[in-house]
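The values are calculated or read from the model by the stated rules, or taken from the named source; none is laboratory data. Only a predicted model underlies this, so the values are computations on that prediction, with no experimental measurement involved. Here the Cβ positions follow ideal geometry from the backbone for every residue, glycine too, while neighbour counts run over all protein chains shown.
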Amino acid sequence: MPVYEYEHTESSQCPLGDPFEWRQPMSAPRLTACPTCGRPVKRVVSLVAVSTPKTDSDLKSLGFTKLVRRDKGVYENVTATGGESRIWEVSKPETMPHLHKKIGD
Ligand SMILES: [Zn+2]
């Protein structure tokens, strides 16, 4: 679940702090009142909200390439897309990930 950042729209002595982070499903409506003190809150855009993708499929859908070392000179491209070799052997240039295609667009 993503973490969103909220802040109270009026000064408060809320124990959650200001701003505070709140974890909720992406489908959930945004908070309008603080879950702790009940005062009005608004969501603020923060780096937390666009936190680093965690799963390989997240990375893949965002166009990242993730290589996992499997052996000396052998990497598995766990985000391989169609046409890419899943295994990159350093000694075989044709198996190298197609980075130029991803960077180019
Ligand atoms: Zn509060």
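Some observations on this one:
- Number of the condition not met by PRO29 [criteria: (1) at pLDDT below 90; (2) more than 16 Å from the ligand (Cβ to nearest atom); (3) part of a loop (DSSP other than H, G, I, E, B)]: (1)
- For the stretch 1-19, residues that are near the ligand (Cβ under 9 Å from one of its atoms) and at pLDDT below 90 total 2.
- Verdict on TRP22 being surrounded by 11 or more Cβ atoms within 10 Å (Cβ to Cβ), aromatic (Phe, Trp, Tyr), free of Cβ contacts under 8 Å to residues at least 24 places away in the same chain and more than 16 Å from the ligand (Cβ to nearest atom): no
- The C-beta contact set for the stretch 25-46 (first residue among the small types (Gly, Ala, Ser), second residue assigned to a loop (DSSP other than H, G, I, E, B), distance under 8 angstrom, 6+ apart or interchain) comprises ALA33/ARG39; SER46/PRO19.
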